[in-house]
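Peer 1: Here it is, the structure, as structure tokens.
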Amino acid sequence: MRHRKDHRKLSRTASHRRALLRNLVTALFEHERIATTVEKAKEARRLAERLITFGKQGDVAARRHVDTFITRPEVTRKLFATIAPWYAERQGGYTRVIRIGRRLGDAGETAYLELVKTDAQKEAARQARIAAAEAKERALKGDKPEKKPKAEAAPAGEAERPKRGRKKEGGPDAPAPSKKAPRRSVTTG
């Protein structure tokens, strides 16, 4: 019996479990949605919600506490500057677990762990995705920005500067190409 045992061990040592959960929570804050197993998602959710609560506090002590757990400083900045203000009026329930089925390899039950967003945030994200898709489509079609006209030719008497980089083959300064014998494979039998 597991009386008063408050967390899942996830079949790992304590240090491996902590490293796994740190990476999951960091990825959640960075990407705002991750796919993992249901058990890992439920464990990461506990920690992510606590860290968001620290982010809502916003003081130096809270930032230092979060820094000890999150692995990348830019993700910590995102948590305090972007994610925590989303939940200023919310008293918990910052994440959700959505089951998505079983994995093909080992039939492990998988789920999305994602941050809960308001309708306005979802609409803004949708508009950003649409704008990015349209920009990509324009780039693929060939609608390139107009090219700037080339500068006028250099005055007579001034030679062009040679371009940096590799010399073109066959030029006056290029050495004659070397003729090496093709490599032959040796088979023993």
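No value in this document is a laboratory result; all are computed from the given coordinates. Computed from a prediction, not measured in an experiment: that's the story for all the values here. In this analysis, Cβ positions are derived from the backbone assuming ideal geometry, glycine residues included, and neighbour counts consider all displayed protein chains.
Peer 1: Taking 2.2 N^0.38 Å as the expected size of a compact globular protein, what ratio does the Cα radius of gyration of region 14-115 give against it, to two decimals? Before the final figure, lay out the partial values.
Peer 2: Values: Rg = 13.8 Å, N = 102, 2.2 N^0.38 = 12.8 Å.
So region 14-115 has a normalised radius of gyration of 1.08.
Peer 1: So if R0 is 25 Å, what FRET efficiency would residue 127 and residue 97 give, r being the distance between their Cβ atoms, rounded to the nearest 0.05?
Peer 2: Taking R0 as 25 Å, the efficiency between residue 127 and residue 97 is 0.40.
Peer 1: Once the piece of chain linking residue 77 and residue 30 is laid out straight, how much longer is it, given 0.36 nm per residue of separation minus the C-alpha distance between them? All intermediate terms of the calculation are to be shown ahead of the outcome.
Peer 2: Working: separation 47, 0.36 × 47 = 16.92 nm, distance 1.03 nm.
The span from residue 77 to residue 30 would gain 15.9 nm if fully extended.
Peer 1: DSSP loop (so not H, G, I, E, B), at most 12 other Cβ within 10 Å: list which GluC sites (Glu not before Pro) in region 18-126 pass both filters.
Peer 2: Details: sites: 30, 32, 39, 43, 49, 74, 89, 109, 114, 123; in loops: 32, 89.
When the GluC sites (Glu not before Pro) of region 18-126 are filtered for loop state and at most 12 Cβ neighbours within 10 Å, 89 remain.
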